[in-house]
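Notes for the one structure printed next.
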């Protein structure tokens, strides 16, 4: 349900003049030699002699920031003492953004640009700030200005690629990353981001190779690990044990330096106390994760639990507003370091901390690796292991992961009794509006829909769907695909004997447009071996049954999990032959398919998939059992 993206580090600048030429040369030598601790000491010594030297304050701030130390005060002093120095305001903007003060950061970058319009680093930094608050057109303009001012600027090309990827221009994003790498072939972040874009294009072997190259160049980069693991998840041929080993390597890379510093938790071990539950996510907004966590937050029994949400994003919308209203405490944690966030979680006295992101974008797994809470659980956002020994449990169900799957996780599996999914239809999902009639009744043929992200559509999926279309010669397929991918997809179907005029495409849609488009199809097709989840729920709510092929590993059994919770396990096929037979039977009995469509919403309303209170009570019971086990240890 989502992917990891990395912005390049912001540019730092040294003074163009200093107290003496010797001082300037010394600080410059230390900066370029990356001897930041020595640079910090030298600048501090100069300030002992000249406390009002803006240049020394600026050098001190740069040295502190490059060591991930608190640099804001030093850079504020520098800007105050150097009101006409564009570098001072650029560096101050970086420190303000690091501290989560994005509006002030943007004002500082703009001041730097007012002082020096031809300042590519400041344009690059301002673009990063615009991207952080979701103003993507402004971000693109800033990165393009930076590139006009410094052609080939690798960091600006990398960051431009990120925004192009955000808006679905994947081929252009790939070109931008490659442009960055043509100037700096050892640019680890660009290799990692290139891998992420290639994964979104379904070019998985290339994606894995790019992510591995990023890790060769920067072995300790957690986000490069995230991107590699995401790409591996989408490879249909990877063995479960190999995937598990790759996740374990992430934990083995990041945890050894942190584990000796895990705190002794002072939480009261009263087994029946009101539990403090913390949820950590970058997706508390219009996002798949929010669709499934909102019913939980809205239905928690506040006599039993106190809810804390740690939001790792500044983007807020109507969904965010509802989530804020449902939580007891809301903390935006963008700009907090992992140490700072861990300290805040400990100070809040969180008993059970729940990760909702896993290895997807905007995760805080490095905070979880610091073990800030006595019990830590991963759930929902990433359908696999965290790879961390600090993560105690993973929530799942018996359909997605029957007994025997536990050995592929660093966490202990906790199986919810009905399903791991609880879906709340969104307000604009046509809750009260009648469903459109079955399209096949008017058309005289079945229209299948394939609406998952294209990176889930494997070669095996296309081969099976082509067999389905050949078995029903009048049927058609409507797919979501970016324009640059449509010719290739049509050619792949043609290679399996399906003419291009039987495949229709649609592009990126708003949630409302997507739900209306679902009404144009008779049966949705779940891809494999990576199944959908949110798309399946949305399809069912629009009266459209979802045809699924059950696989062996977790991501191949999501569809079975959702369909079982919805009371529709008959649409989960054990074999490809059964898959085609289910569709053929319905094609030959359109009144039955129309009846299924008409009665779908009432069926869902009576199913565990939409029973929000039942799901939340089950979840709270699991939390309580876990806490009592901890309290008695």
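The values are calculated or read from the model by the stated rules, or taken from the named source; none is laboratory data. Worth saying up front: this structure is predicted, and the values here are computed from it rather than measured. Every residue, glycine as well, gets a Cβ built from its backbone with ideal geometry; the counts of neighbours run over all protein chains shown.
Summary table below
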{"read-out": "Verdict on residue 490 being touching a strand residue (DSSP E or B) at 6+ places or on another chain (Cβ under 7 Å) and more than 18 Å from residue 521 (Cβ to Cβ)", "value": "yes"}
{"read-out": "Count of region 69-87 residues which are more than 33 Å from the chain's Cα centre (by Cα) and in a helix (DSSP H, G or I)", "value": "9"}
{"read-out": "Residue count for region 125-179, restricted to those that are buried (at least 24 other Cβ atoms within 10 Å of the Cβ) and not in a helix (DSSP H, G or I)", "value": "1"}
{"read-out": "Filter result (touching a residue at least 24 places away in the same chain (Cβ under 8 Å) and either closer than 12 Å to residue 88 by Cα or out of contact with any helix residue (DSSP H, G or I) (no Cβ under 9 Å at 6 or more places or on another chain) (or both)) within region 47-64", "value": "54, 55, 56, 57, 58, 59, 61, 62"}
{"read-out": "Strands (runs of 3 or more DSSP E) completely within region 326-394 that count 1 or more residues being without any contact (Cβ under 8 Å) to a residue 60 or more places away in the chain and within 27 Å of residue 533 (Cβ to Cβ)", "value": "329-332, 375-378"}
{"read-out": "Residue, surrounded by the fewest Cβ atoms within 10 Å (Cβ to Cβ), within region 406-429, restricted to residues that are at pLDDT below 95 and out of contact with any helix residue (DSSP H, G or I) (no Cβ under 7 Å at 6 or more places or on another chain)", "value": "407"}
{"read-out": "Number of the condition not met by residue 413 [criteria: (1) part of a strand (DSSP E or B); (2) assigned by TED's automatic domain parsing to the domain that holds residue 586; (3) under 23 Å from the mean Cα position of the chain (by Cα)]", "value": "(2)"}
{"read-out": "Residue list for region 566-581, restricted to those being without any contact (Cβ under 8 Å) to a residue 40 or more places away in the chain, in a helix (DSSP H, G or I) and either out of contact with any strand residue (DSSP E or B) (no Cβ under 6 Å at 6 or more places or on another chain) or surrounded by fewer than 14 Cβ atoms within 10 Å (Cβ to Cβ) (or both)", "value": "569, 570, 577, 578, 581"}
{"read-out": "Residue ID - nearest to the chain's Cα centre (by Cα), chosen from residues in region 214-226 that are within 19 Å of residue 174 (Cβ to Cβ) and either surrounded by fewer than 21 Cβ atoms within 10 Å (Cβ to Cβ) or at pLDDT below 95 (or both)", "value": "223"}
{"read-out": "So residue 454, is it modelled with pLDDT under 95 and under 21 Å from residue 236 (Cα atoms)", "value": "yes"}
{"read-out": "Candidates 450, 495, 440, 466 - the one that is more than 25 Å from residue 574 (Cβ to Cβ) and surrounded by 16 or more Cβ atoms within 10 Å (Cβ to Cβ)", "value": "440"}
